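This is the structure I have questions about; it appears just below.
The values are calculated or read from the model by the stated rules, or taken from the named source; none is laboratory data. These numbers come from a predicted model, not from an experiment. Neighbour counts are summed over all protein chains in view; Cβ atoms, including those assigned to glycine, are modelled from backbone coordinates with ideal geometry.
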Amino acid sequence: MTSSLGHLHLQQARASVQQALNWFASARRHWNYPPEPTLQAAVRPQLQSLKAALAKIEQKLFTIAVFGLVSQGKSALINALVGEKRLATGPLHGVTAWPQSLRWGQGEKLALDLIDTPGLDEIDGQRREDMAQQVARQADLILFVVSGDLTQREWRAIRELRDYGKPMLLVFNKIDLYPDLDRETIYQKLQALAPPGENRPLFDPEDIICVAADPQPQLTRLEYPDRPPEEQWLAPPPLIEPLREKILAILNREGLSLLALNALIQTRQAEAEIAQKTLELREEQADALIWKYAQYKALAVAVNPVPFLDVVGALTADLFLIRSLARLYGLPMTSFEAGRLWRKILFGAGGVLLAEWFGSLVWGLDKTAGWLESPGNLSRYLGSAFLQAGAAGYSGYAVGQAAKVYLQQGASWGPLGASAVIAGILQEMERDTLTARLLG
Ligand SMILES: Nc1nc2c(ncn2[C@@H]2O[C@H](COP(=O)(O)OP(=O)(O)OP(=O)(O)O)[C@@H](O)[C@H]2O)c(=O)[nH]1
Ligand SMILES: [Mg+2]
């Protein structure tokens, strides 16, 4: 991974986040629908999140979050990494009561922040989830600290953190108490905790690092030239180099790309939440819109006597509906993207819509053929027209409902959309990078 590729990824991410921010912060997205104060208030945290993503890219601020259960040595680990005792540590449970971030350093390429967190078993329920979410979302790399026998609880906590899509290292601390333990054994033990059927390992063996952040004092024999030797309890220096090296290697190799990816993941998340909230608030208007289209479509298709024209008309109506829905929701969508979404819906609905489409064509031909054969025979014309109208109305409704679901999944479309940029970056990452392994 060259650093020029990293810079390129960062540039792409900046353009993408900027685009999202421009779109969602501007009044343009409301088209002819008046901006609603309730909606604007509801999406304020998401706009904040987009701004934070942009700021992170601009400051090139790489954030490492440290998680684990109580007393595993999370704070001691951060002290050892920065080389000073900046955080309180101690044998009591719950020494760290809330997340705290400190600046590790300002490298050539990146600024580095470390976030210490309270033990995941120290705080409960919703508060724990909120804390974990808030910290994990801003993290570019997560260190999960364990010491001693791995527990089911730790396995579950790691599994939950995995869902944030951030790369993670397993740090086995207090290795001074287990001199015979190696990463392979830790790997096996962790695997053994997985419930049956879960065979994807949570970590690769090379992402397990053994350290001793604050080793226990040892009885040490001190020799003096001028007096007899004596024994004293002395704390050996921390064993932290393997972790420091691993982190620096990751930063050098893929730090900028990781930063870019995480800002994009944050953006995609914010966009999806904005879409979700807008959809909820505009649900009634959307359903009214879909019904109106379904009726018009049915009517237009039924009365039109020219074969194929009804099919073309129905397609136009569907595309119009999709774009109108996107406008109602204030989501960016070009006609090209509307077409792509329409095809996705048509082929994605298990062939039902496709069959209706074909039926409409046949009924349309039959209708016109009947009319030409005996212009006086209205009943054949009406019979086919009726079938056609029912199918067209139904498909209009189905397309509308399906479009709603797709739009709900977020608005990160287009070549600069977060999803496309994420996919592009992942494709360019070398196979053995942490990024490609964990997110790919
Ligand atoms: N033997 C040994 N003890 C350690 C090591 N690292 C930390 N400890 C001890 O473990 C205890 C807990 O360390 P902390 O850093 O406070 O742990 P924490 O995970 O931050 O704990 P909370 O903030 O309470 O969740 C302290 O008494 C440390 O001295 C180590 O490498 N070896
Ligand atoms: Mg602590």
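Sort out for me the helices (runs of 4 or more DSSP H) sitting completely within region 307-423 that have 2 or more residues that are at pLDDT 75 or above and of a type in the set (A, V, I, L, M).
In region 307-423, 309-329, 335-348, 378-408 are the helices (runs of 4 or more DSSP H) which contain 2 or more residues that are at pLDDT 75 or above and of a type in the set (A, V, I, L, M).
For region 235-270, which positions are within 16 Å of ligand 1 (Cβ to nearest atom), of a type in the set (A, V, I, L, M, F, W, C) and touching a Leu at 6+ places or on another chain (Cβ under 8 Å)?
Correct list: Ile240, Leu243.
Could you go through region 127-135 and let me know if any residue there is modelled with pLDDT under 95, within 15 Å of ligand 1 (Cβ to nearest atom) and more than 26 Å from Lys60 (Cα to Cα).
The answer is yes, given that some residue of region 127-135 is modelled with pLDDT under 95, within 15 Å of ligand 1 (Cβ to nearest atom) and more than 26 Å from Lys60 (Cα to Cα).
Give Ala270, Ala275, Ala235, Ala338 a once-over and let me know the one that is surrounded by 14 or more Cβ atoms within 10 Å (Cβ to Cβ) and either more than 30 Å from Lys60 (Cβ to Cβ) or in contact with a strand residue (DSSP E or B) (Cβ under 9 Å, 6 or more places away or on another chain) (or both).
Going through Ala270, Ala275, Ala235, Ala338 in turn, just one is surrounded by 14 or more Cβ atoms within 10 Å (Cβ to Cβ) and either more than 30 Å from Lys60 (Cβ to Cβ) or in contact with a strand residue (DSSP E or B) (Cβ under 9 Å, 6 or more places away or on another chain) (or both): Ala338.
Here is a follow-up. Quick test of your reading of the structure: Gly105 fulfils all but one of (1) touching a Phe, Trp or Tyr at 6+ places or on another chain (Cβ under 8 Å); (2) within 22 Å of Leu251 (Cα to Cα). Name the failing condition by number.
Unmet condition: (1).
Among the candidates Ala111, Ala80, which residue alone is surrounded by fewer than 16 Cβ atoms within 10 Å (Cβ to Cβ) and in contact (Cβ under 8 Å) with a residue 40 or more places away in the chain?
Ala111
Only one residue in Ile175, Ile123 is touching a residue at least 40 places away in the same chain (Cβ under 8 Å) and either more than 23 Å from Leu248 (Cβ to Cβ) or crowded, with 16+ Cβ neighbours inside 10 Å (or both). Which one?
Just one listed residue meets the conditions, Ile175.
Yes or no, residue by residue, for (1) surrounded by fewer than 22 Cβ atoms within 10 Å (Cβ to Cβ); (2) within 16 Å of ligand 2 (Cβ to nearest atom):
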position	(1), (2)
Ala42	yes, no
Ala55	yes, no
Gly68	no, yes
Ser101	yes, yes
Gln106	yes, no
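Oh, and also: Can you name every one of the strands (runs of 3 or more DSSP E) wholly within region 179-270 that holds 2 or more residues which are closer than 30 Å to Leu426 by Cα and assigned by TED's automatic domain parsing to the domain that holds Leu426?
In region 179-270, 208-210 are the strands (runs of 3 or more DSSP E) which contain 2 or more residues that are closer than 30 Å to Leu426 by Cα and assigned by TED's automatic domain parsing to the domain that holds Leu426.
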